[in-house]
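The values are calculated or read from the model by the stated rules, or taken from the named source; none is laboratory data. As the structure is a prediction and not an experimental result, all values here were calculated from the model. Don't worry about glycine lacking a Cβ; one is built from the backbone with ideal geometry, like all the others, and counts go over all protein chains shown. Just so you know, the surface numbers come from the protein's heavy atoms only, side chains and all, with ligands and any DNA or RNA stripped out. Shrake-Rupley method; radii C 1.70, N 1.55, O 1.52, S 1.80 Å.
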Amino acid sequence: MFIDKKIYEIYPINPTYPDMLKKIPSAPKKIYAIGNISLLNEKSISIVGSRNSSEYGRKITKSITKDLVQSGIVIVSGMANGIDSVAHKTCLEYGGKTIAVLGSGFRHIFPKENEELFHQIIENDGLVISEYPIDTPVQMKNFPKRNRIISGISDAVIVVEAGAKSGSLITANYAINQGKEVWAIPGNINLANSVGTNELIKDGA
């Protein structure tokens, strides 16, 4: 994919590198960024959830995102299908600022259909970041690892929907280990997408 925007390389010694991120275990040695890098040090909350989201999950995500945007909160997510995409798009719809954290290089957007969203975020004064060089291909093993960054740059994490082995639970566990507050949206006990969130609530989220 052609990139015509400036790519910043941000190191822990740079003032733009988020203080919260410096404190997490295995903090990235470098962040690649395109867009409004000042967002890295603003109040932010991450919203994550299932790729196979339900209508209920999407509705709740839109409502929560709208409220947070109107309170001046930056929305962080992973630009995946489902809940992540709804959070980013709703944020843009209401004139908010959002940060997408990728698990690949900027020339290899995943999922492919979110290339347009990638550009929309940048064009609307948002930010896209990755710890991987621009030509790093998509490797599934990198996505769980990048979730530590989603929680690491956020003041809190909201999990909307999550299955029993969801990547969103990985983000939540990172957040807990990083001392962040975790919120979970209760769901229908009969749905697989509610197993993870309801378990988080049971455990004290």
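When the range 13-29 is filtered for residues that are in contact (Cβ under 8 Å) with a residue 12 or more places away in the chain and surrounded by fewer than 15 Cβ atoms within 10 Å (Cβ to Cβ), the ones remaining, listed by number, are THR16, ASP19, LYS23, PRO25, SER26, LYS29. Could you say whether any residue in the range 1-11 is in contact with an Asp or Glu (Cβ under 8 Å, 6 or more places away or on another chain) and open to solvent by less than 60 Å² (accessible area, probe 1.4 Å)? Scanning the range 1-11 turns up at least one residue that is in contact with an Asp or Glu (Cβ under 8 Å, 6 or more places away or on another chain) and open to solvent by less than 60 Å² (accessible area, probe 1.4 Å). Would you mind stating whether ILE122 is crowded, with 22+ Cβ neighbours inside 10 Å, in contact (Cβ under 8 Å) with a residue 24 or more places away in the chain and either closer than 21 Å to THR65 by Cβ or of a type outside the set (A, V, I, L, M, F, W, C) (or both)? Answer is no for this residue. Exactly one residue among ILE60, ILE45, ILE83 is among the aliphatic types (A, V, I, L, M), modelled with pLDDT of 95 or more, under 25 Å from LYS180 (Cβ atoms) and open to solvent by 40 Å² or more (accessible area, probe 1.4 Å), and that residue is ILE60. Taking each residue of the range 33-54 that is part of a helix (DSSP H, G or I) and looking for partners that are open to solvent by 40 Å² or more (accessible area, probe 1.4 Å) with beta-carbon atoms closer than 6 Å, six or more apart or interchain, yields ILE37/TYR8; LEU39/LYS97. None of GLU181, GLU116 is surrounded by fewer than 16 Cβ atoms within 10 Å (Cβ to Cβ), touching a strand residue (DSSP E or B) at 6+ places or on another chain (Cβ under 8 Å) and within 26 Å of LYS59 (Cβ to Cβ) except GLU181. LYS97 meets the stated requirement of being in contact (Cβ under 8 Å) with a residue 12 or more places away in the chain and open to solvent by 50 Å² or more (accessible area, probe 1.4 Å). Can you find, within the range 95-123, the residue that is nearest to the chain's Cα centre (by Cα) among those that are aromatic (Phe, Trp, Tyr) and within 19 Å of LEU40 (Cβ to Cβ)? This residue is PHE118.
Mind checking whether some residue in the range 24-31 is part of a loop (DSSP other than H, G, I, E, B), within 17 Å of VAL157 (Cα to Cα) and of a type in the set (Val, Ile, Thr)? Yes, the range 24-31 contains a residue that is part of a loop (DSSP other than H, G, I, E, B), within 17 Å of VAL157 (Cα to Cα) and of a type in the set (Val, Ile, Thr). If the condition is being crowded, with 20+ Cβ neighbours inside 10 Å and over 13 Å from the mean Cα position of the chain (by Cα), then the range 65-80 contributes LEU68, VAL69, ILE73. Looking only at residues in the range 133-152 that are among the hydrophobic types (A, V, I, L, M, F, W, C) and in contact (Cβ under 8 Å) with a residue 12 or more places away in the chain, the one that is farthest from TRP183 (Cα to Cα) is ILE134.
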